[in-house]
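Scroll down for the structure; my scribbles are underneath it.
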Amino acid sequence: MELEKTQPHAEPSRTSGQQQLLQRLQEGYQKLKEQIHQAIVGQDEVIDAVLCCILSGGHCMVQGVPGLAKTLLVHSISEAMDLTFNRIQFTPDLMPSDITGTDIIEEDRQTGHRSYRFLKGPIFANVVLADEINRTPPKTQAALLQAMQERELTIAGRTYELDQPFFVLATQNPIEQEGTYSLPEAALDRFMFMVLINYPEANDEYEIVKKTTTGSQHIIEPALNKEDIQLFQDIVRMAPVSDRIIQYAVDIARATRPQDPLAPEIVKKYLKWGTGPRAGQYLTLGAKSRALIHNRITPDYSDVQKVAKLVLRHRIILNFNAEAAGVTADEIIDEIVQSVSLPK
C-alpha cells in the first residue's frame, strides 16, 4: 500500500487501510513497551530509541557504565518480540569462527566416508547481543561487518543467508580502557544508533532496588512475532517523507564535515572528520520511525532533531583541540542542529 507524500507539519488525510496499519503499529508498539517494563524500570527514552532502531531495520549500540541493565534490556526486548536470541560475550581470546561458525568433519559409521558439515555459530539468530563488543580484537569485531551490512555470511566460499529480521544490539563500557579495543570507524558506521544509558532517576532507582530485593519475578510474554516486526519495518519504509525533510537531514549530515560550506565554526575547530551519506539515510529513517510511533504518518523537522545525536555521535571524529578543551560530541551536535537553517 502506497502512502501519499505530504509536506512537513501537515497531517495527511488517511485512508481506512492507512489508519489500520498505523493503529496496528501503535498497539504493537505499546504492547512491546509494556512487556519490556516488566523487567526494566524507567529508561523510556532509551527503550524508545532502541525500538525505533529496530523498526527501522538498523543495528544499535548501547553504551553505559556497568550495572545499568544494558544486557537485561536487550534480552527483554528479544523475549518480548518472540524472536530467536543468542548472546555473544566478547573476550580478548574470542575468534571469528566462534561467532560465525565453522566446518567440522563428520564420518559415516556405516560407510566410513568423511564429509564436511557447517556448524552454525551464534550469529545465526534474529537478535544477537554482542556483549562488551570492545573487549575483543578488531579481527573478531570484523566478523560482524558482513552480517550487519549484507545480512549474510560467506564462509569457505559458501554464502549463508541469515534469518530475517536480523538485529545486532551491542553493548560497551566507556570508562574501562584496559583490555579493550576501540571499534574502527567502519564498524561503528554499521550501527544506526548509539544510545547512551545514564543513571536512573531517584524514584526509578528506588523501584529497581525494591523490585529486585523482594523475591518478585518478572515474566515477559511475547507481544510481537517475526511477521509483525517485518510488517512494521515495511510500514516505516513506505511511510511518506517530504523533500524538505530529506534536505534537512542531508544538510545536518553535511554540516558535520569541516570542509563543507554548511559547517559551523565549532565543526571547523573541533572535528577531524564528519559523517558520510549513511548519516542522512539514518536521520531520515529514524525520523520516520519516531513519527509513526507517535501516531503521525509523516515526520517533521523536530523528529530529525530528536534522532540527530543518536545517529551522529559515533560517526563524527573529534580532533586533539576538542579533547584538550573537553568538548563532547553531543555538544558539537547541538551546535550543528542550531546552525542549520530549515529548508525553504
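Observations on the model:
- Some residue of segment 312-332 being free of Cβ contacts under 8 Å to residues at least 12 places away in the same chain and β-branched (Val, Ile, Thr): yes
- Here LEU292 fits the description: modelled with pLDDT under 90, part of a helix (DSSP H, G or I) and at negative phi.
- Candidate set from segment 32-49 (those that are more than 17 Å from ALA202 (Cβ to Cβ) and among the small types (Gly, Ala, Ser)); member that is nearest to the chain's Cα centre (by Cα): ALA49
- Residue in segment 166-180 that is farther than 26 Å from THR284 by Cβ, polar (S, T, N, Q), free of Cβ contacts under 8 Å to residues at least 12 places away in the same chain and surrounded by fewer than 18 Cβ atoms within 10 Å (Cβ to Cβ) present: yes
- When each of VAL327, VAL241, VAL250 is tested for being surrounded by fewer than 21 Cβ atoms within 10 Å (Cβ to Cβ), among the β-branched types (Val, Ile, Thr) and not in a helix (DSSP H, G or I), the lone residue that passes is VAL327.
- Residue satisfying all of: in segment 261-283; in contact with a Phe, Trp or Tyr (Cβ under 9 Å, 6 or more places away or on another chain) and assigned to a helix (DSSP H, G or I); surrounded by the most Cβ atoms within 10 Å (Cβ to Cβ) among these: LEU283
- Pairing residues of segment 140-152 that are assigned to a loop (DSSP other than H, G, I, E, B) with residues that are of a type in the set (A, V, I, L, M) and surrounded by fewer than 21 Cβ atoms within 10 Å (Cβ to Cβ), at Cβ distances under 7 Å and at least 6 apart in sequence or on separate chains, gives ARG151/LEU162.
- Qualifying residues in segment 68-127 (those that are more than 20 Å from ASP163 (Cα to Cα) and of a type in the set (A, V, I, L, M)) - the one surrounded by the most Cβ atoms within 10 Å (Cβ to Cβ): LEU73
- Top-ranked residue of segment 224-273 - restricted to ones that are small (Gly, Ala, Ser) and more than 20 Å from the chain's Cα centre (by Cα), ranked as nearest to THR84 (Cα to Cα): SER242
- Residue identified as over 30 Å from ASN198 (Cα atoms), of a type in the set (D, E, K, R), in contact with an Asp or Glu (Cβ under 9 Å, 6 or more places away or on another chain) and assigned by TED's automatic domain parsing to the domain that holds ASN173 among ARG151, ARG109: ARG151
- Screening ALA186 with (1) part of a loop (DSSP other than H, G, I, E, B); (2) touching a helix residue (DSSP H, G or I) at 6+ places or on another chain (Cβ under 9 Å); (3) modelled with pLDDT under 80 gives one miss only, at (1).
- Index of the failed condition, ARG257 passing every other in (1) among the charged types (D, E, K, R); (2) outside the structural domain of ASP82 (by TED's automatic domain parsing); (3) surrounded by 12 or more Cβ atoms within 10 Å (Cβ to Cβ); (4) closer than 19 Å to GLY286 by Cα: (4)
- Test set (1) under 20 Å from the mean Cα position of the chain (by Cα); (2) without any contact (Cβ under 8 Å) to a residue 12 or more places away in the chain - VAL307 fails condition number: (2)
- Residue match in segment 301-320 (condition: more than 22 Å from VAL195 (Cα to Cα) and either among the acidic types (Asp, Glu) or surrounded by 18 or more Cβ atoms within 10 Å (Cβ to Cβ) (or both)): no
- Leading residue by the ranking (nearest to the chain's Cα centre (by Cα)) among those in segment 72-112 that are hydrophobic (A, V, I, L, M, F, W, C) and more than 30 Å from ILE220 (Cβ to Cβ): MET95
- In segment 29-58, the residues that are of a type in the set (D, E, K, R), under 17 Å from ASP82 (Cβ atoms) and in contact (Cβ under 8 Å) with a residue 40 or more places away in the chain: LYS31, GLU34
The values are calculated or read from the model by the stated rules, or taken from the named source; none is laboratory data. Model, not experiment: these values are computed from the prediction. Note that each Cβ is placed from the backbone with ideal geometry, even for glycine, and that neighbours are counted across all protein chains shown.
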